[in-house]
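Please read the structure below before turning to the comments.
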């Protein structure tokens, strides 16, 4: 690629600032891969290996970031089971402040230009009616394969922080932070839970180096056999799956211990055709 700007650590901090501002007023409009924690996670674990395929564009108003787009272009990934996968399509992460919703068209135009002649996907918030209309107007439509129990969609889980019960572990288990567990145990726990995975020691080191990482806020639990299991990463958005075909009611929240509260279906994959879209 030539004449494009790639995502930097400084860009990610600006994006996190926008995530905070949108979360303060319209948390339902924060796209799943544009939350404060998810931005640090994606950048940290992947920039060393995939950063060369991450072009971006930023939009400012009065010195404040009000929109950004981050494309993930075709690249090759190596997984923990030794397999190698060629990612042949493009994916867009983005966020637009609701007071500047008109920039959605510019985001789409930029994406169509940077990923021309490639199959393009994006995951806009289901609550963002303006954005959904604009993506549809540009020829994008819901990918049926992303729906249902085996699909790829996200869900926003929300609960009050009042009257939070003290978590109680079963006999023989105890909590430890990532700092206490150590890098090797943290990476292995991730691989044990989500194999095959592209997560590596190098990726975890990248996460630790992000400005907002706090090892004491990432907790794990283990049993007497010394096997570690992920509990949660502070501020991260996790993909979830429904326990039935219904997207309301009881849910399973990935990596969260004893979670209860409200849940909202936030979005699924939208797919565009290869080639220019009009």
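The numbers here are math on the coordinates, done by the rules we state, and not lab data. The structure displayed is predicted, hence computed values, not measured ones. Cβ sites come from the backbone with ideal geometry, for glycine too, and all protein chains shown count toward neighbours.
Worth a mention:
- Principal axis extents of the Cα atoms in region 120-181, from largest to smallest and rounded to whole angstrom, are 54, 27, 25.
- Extending 7 Å from the Cα toward the beta-carbon at both residue 4 and residue 147 defines two label points whose distance is 3.1 nm.
- Put a dot 7 Å past the Cα of residue 192, heading toward its Cβ, do the same for residue 58, and the two dots end up 4.0 nm apart.
- Rg and Dmax [Cα atoms of region 1-159; Å; Rg one decimal, Dmax integer]: 15.5, 48
- Remark: spin-label model distance residue 78-residue 161 equals 4.1 nm, labels positioned 7 Å along the Cα→Cβ axis.
- Cα-Cα P(r), region 76-214, percent of pairs per 10 Å interval: 8, 23, 30, 27, 10, 1
- Between the C-alpha center of region 87-102 and that of region 168-187 there is a gap of 36 Å.
- Our estimate of slack between residue 28 and residue 202, defined as 0.36 nm per intervening residue step minus the Cα-Cα distance, is 59.4 nm.
- Cα gyration tensor, region 6-63 - rounded (a/c under 1.5), prolate or oblate: oblate
- In this structure, residue 137 and residue 180 have a Cβ-Cβ separation that, at R0 = 41 Å, corresponds to a calculated FRET efficiency of about 0.20.
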